[in-house]
Structure formats: C-alpha cells, structure tokens
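Values quoted throughout were computed directly from the atomic coordinates according to the rules given, and no laboratory measurement underlies them. Quantities reported herein were computed from a predicted structural model and do not represent experimental measurements. With ideal geometry, Cβ positions are generated from the backbone for all residues, glycine too; neighbour counts draw on all protein chains shown.
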Amino acid sequence: MKLSRLGYLIKSGFTGIFSHGLMSFATVTITMACLIIMGSFGLLVVNINEMIASLEEENEVVCFIDESLTEEEARAVEPLIEAVANVSGADFVTREEAMSDFQDDYDPALFESLDPSVFRHRYIIHLTDISLMESTKAALEDVDGVAKVNAHLDYAEAFVTVRNVVSIVSLALIVILLVVSLFIMNNTIKLATFTRREEIAIMRMVGASNGFIRCPFIIEGLVLGLIGSLLAFGIEWALYSLLINEVVGGVAAALISLLPFSAVMWPLLIAFTGIGVIVGVVGGSSAIRNYLKV
Amino acid sequence: MVQMNSVKMVYDSSGTEALHGVDLDIHDGEFVFLVGPSGSGKTTIIKLLTGEVHASSGEITVNGFDMMRIKQRKLPFLRRTLGVIFQDFRLIDKMTVYDNVAFAMRVVGASNSEIRERVPYVLELVGLKGREKRYPRELSGGEQQRVAIARALVNSPRMIIADEPTGNLDPVRSLELMLLLEKINELGTTLLVVTHEKELVNAFSKRVVAIQDGKIISDGMDGYFSYEIE
Ligand SMILES: Nc1ncnc2c1ncn2[C@@H]1O[C@H](COP(=O)(O)OP(=O)(O)O)[C@@H](O)[C@H]1O
Ligand SMILES: [Mg+2]
C-alpha cells in the first residue's frame, strides 16, 4: 500500500474518534467497565481454583490400617488402595514414623513413654478431584484391612461448590458484557459511518475498494477498543493491588491466599487487549457492512 | 462501450417493472442524450450501468464488464472506468474544491505526486482555476456542477454518465455546462447525458435516445422532436 493511502486511512480513523467525541468517550468507558468486571470475575475464579489446588495438596485423606495387620501385611494393601477410583497416590507411613511425626508436632516429653503400638500403620491418600471425596472415602472403607478413613468432607465440598457457582456466574457475565461491548461499539461506528455517509457514497461511486472504505472505521474501532482495554488493565491492576494489601494486612490473611499480581499480569493484559481488539474490529466491521452491500 | 440487450428490470421492493426489454448500444467516443419523462426509467438505466442495481433479465456489458455476472468485489474496478454526475452535485461540504477532486483520486490509490499533477489540470479544464480553496457553499450551482465534473473526470474514466446534470441550473448555466461536456467528449471520453430539457437537447446535433414507460421509443440524430411529453 502506498504511504499516502496508509496516511489517509489512519488519519481518517482518528478524525472519526474526535468528530463524535462524546460517543467515543462513552464507548471507551463502557468497554473499560465491561473489561474490569470481566477481569475481576476472571481473577476471582483463578484465585479460587488456586486455593482448591492447594487444598487438594494439603488436605490429605488418611487411611488407617487394622491393628491386627503386621507391617508386611499392611504394605500389601497398597495396590488395593491405589486401585480405588479417584486415588492419585498413596504413601505408606509405619506406626513408628507416625509416632515420631506426632512427637515432632507436640512436646516430646509428653510422649516419651508412649508405645508405638497405640499408633496404627496408615496411608496418606492423594485425590484427583476433592469434590468426589465422599464416595472415595466410602470406597476406601470397603477395602480389606482398612479400619478407618479420616477426611474433611464439608470443607472440600463447600470450596468446590463455590468454585462452580462463581465459574458459571462469571462465564454468563463475561458473555453478557461481551455482547454489551460489541453492541456499543457497533453503534458508535454506525454513527461514524452515518456522519460520513456522503463520503462513503462517493468513495463507492469512484471505485474505492470495500477494504479501503472499511479501513478507517475498523481503525477507529480498534483504537477505541485498545484504549478501553489498556485503561481497564491499569485500573484492574490498582484494584487488585489494593485488595492484596487489605488481605495481607488484615485478619483474612489466615483464610485466603491471593496470587501476586505478577502471576496474573500477562494473561490479564493479553486477554484485555485481545478482547478490546476483537470488540473494536468486529463491532467496526459489522457497522460498516450495510454500506457495502451493492 | 455499453451494450444492453432485452434488459428487463423489476424493483423487488415495489414490484414496479421499470424497464421492459431495453436494447441500447453506445460506442466508444459517442455523445448520447437519453431523454424521457419522469418515471420512464432513465435513472434505472444508469444504475444498471454503474452496478447499483441488478437487472432481472437480459444482457448488459459495460466497458468489458459483464454486468449480469459481475462479482461484488469487482464492482470497484468497473466503477473506475466510469465517471458519474448527478443533478444534486453530491460534493463533500467540508472539503475544498481541490480536496473534493483530490479525494476521488486518493481513494482509488493515486500517489500524492499524481494528485498534485492531475487535479490542477482537470480544474483548469472545467474552468475552475483560482477556485481551488473555495468550499462548495461559496460557489454557484454551475460552479459546483463543474467540480462534480472535474471529480468524475479526474481518474480518466472511459465514459461519463450524467443524470440530469442541469436540473438545478438556469438555462444559460445549463448551456455552458453542456458545452463543457461536449468539449470533454471531443477530448475522447464517451458521454451519456440524461435530461428532459428539450431546448437544450435540440441545441446540439447529437444522438438522442428517447424512453417512455420503460421502453425505447426512438433512437437517432433527429433531436427531441420524435416524441412529446404529455
Ligand atoms: N428504488 C426503487 N424501488 C422501487 N421502484 C423504483 C425505484 N427506483 C425507481 N423506481 C420506479 O421505477 C420507475 C422508473 O424510475 P426511474 O428510473 O427513476 O425514472 P426516471 O429517472 O426516468 O425518472 C418509476 O416507476 C419508479 O417509481
Ligand atoms: Mg431520474
């Protein structure tokens, strides 16, 4: 493309933005607001998932072996336990190891006289999906040689339920807000095409290509979308940092752990600019379509 | 060059049959008046030639483009071979005379140096030298129509099509404008001029095609006499 054409296209794209400044401002603001809401819910889901993942690591299920079994016999149960659905791994712990762990955690003097026989051999079980904890627990209890299974059922299930609800709500919100952004963008660019309908008619009459006619409006959409997404990114950054400070300083720190912003920065920036560009280009090109039919 | 064979045109929106069986040949270099009463189908013929509407049946060829089968994305290339002028000038109010003409070149990809060379030449040809920096609202109707002619001419089309170009002008300006179109024809561009001004047509000895109710009722060199507006 010749330089003078490129210059013309970019210049007229920007002229459009200023010639109807109020609509452009509204579009940027609404795109930005939509992105911030989308981003906040997205970050919420990411953080809940992160917490569930660490729960899955920390919150072990403990499977106690019947006291009557010897160490060899207890070790022989391992393949049976690993065969249970949803079990991703099982680590054997002897009663002597269990006792020393216990003594490490508490005052050793208290337990000096303790005989290892009060402890049972046990397996530490890792699960693939903690939401299935209840059925897995029942299945483990049915394994021969297993005396008792300890698991924190309610805790795990509550988390997974929260995650599922938040995910569905977030997804629905993101779809709705995406449609809203596209609608607003489409209308703004439609207004731009309307104010320049005479120019468009003349361009068509003298034989400008459709791509050439469309270009300034797509540039306009693109620029508005990008401005909106970069502003949204900045504000999201500020809000998230504020939240992290609150959590770290406050009582909530014991219950909630948040990912640092640096961990979510790039995905967030890419998602925001990606959505901004898509909203701008799709909204822009759909707005001009009617003018290019014949 | 234009070839129309048995062209029928029905507007889907109203069901109006605007043309029923039009045959018309225009050769390169010709000057043709297309005359007829209001509603007879003159503008419809022009829209068929520029690809703004599609014929219901028949055959149409314009400057080598088969209008019955032309692809949408090829239309711009057809349109670059045509210059179109309307009764209402259709200038861009916020652009100067110079920019209105340069705009037509820029949007089909001319370079700045081509534009700087060609626009002054065309403006001089249509008699607008010295008016470059004026805006359309500062010009008379005749001058505005000359800007439109300059714009139609600037991309060197093979043919210029004018739909009632003198409809908004007084008789003297109309004659001047027609003389300008004649001069452009003499420089080699084919001209198709739609009008229903009898005196104006008869002031020139050109080929006159008369249309009534969507049919061509006469075609020849004997002026506007052969048919009457009722
Ligand atoms: N866009 C349209 N939709 C429906 N009918 C139309 C349209 N344009 C023209 N017509 C009809 O077609 C006929 C011819 O119109 P037109 O070609 O504009 O005539 P002219 O230019 O000779 O005055 C008229 O009856 C008119 O009402
Ligand atoms: Mg007409």
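Quick look at the values:
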| read-out | value |
| --- | --- |
| Percent of beta bridges antiparallel (DSSP, the protein assembly as shown, rounded to nearest 5) | 65 |
| Expected-Rg normalisation [2.2 N^0.38 Å, Cα atoms] applied to region B:76-197 | 0.97 |
| Peptide B:79-89 - average C-beta neighbours from other chains (10 Å radius) | 2 |
| Helix-only CD estimate at 222 nm, as mean residue ellipticity for chain B, using -39500 (n - 2.57) per DSSP H run (n ≥ 4) | -9500 deg cm²/dmol |
| Cα pair count fraction exceeding 40 Å, expressed as % - the protein assembly as shown | 52 |
| Residue pairs, from the table B:47/B:215; B:47/B:129; A:11/B:94; A:293/B:71, whose Cα atoms sit over 23 Å apart | B:47/B:129 |
| At 1.002 mPa s and 20 °C, Stokes diffusion of region A:60-151 via Kirkwood alpha-carbon radius, µm² per second | 157 |
| Exposure proxy ranking, count of Cβ atoms within 10 Å, fewest first, for A:215, A:63 | A:215, A:63 |
| Relative contact order, percent, chain A [alpha-carbon distance under 8 Å, six or more residues apart] | 29 |
| Antiparallel %, DSSP beta bridges [both residues in region B:116-225], to 5 | 50 |
| Taking only Cα atoms of chain A, radius of gyration then Dmax in Å | 30.4, 101 |
| CD proxy at 222 nm, helix term only [per DSSP H run n ≥ 4: -39500 (n - 2.57); per residue of chain A; nearest 500] | -24500 deg cm²/dmol |
| Stokes-Einstein D (µm²/s) once Rh is taken as the Kirkwood radius of chain B over alpha-carbon pairs, at 10 °C in 1.306 mPa s | 87 |
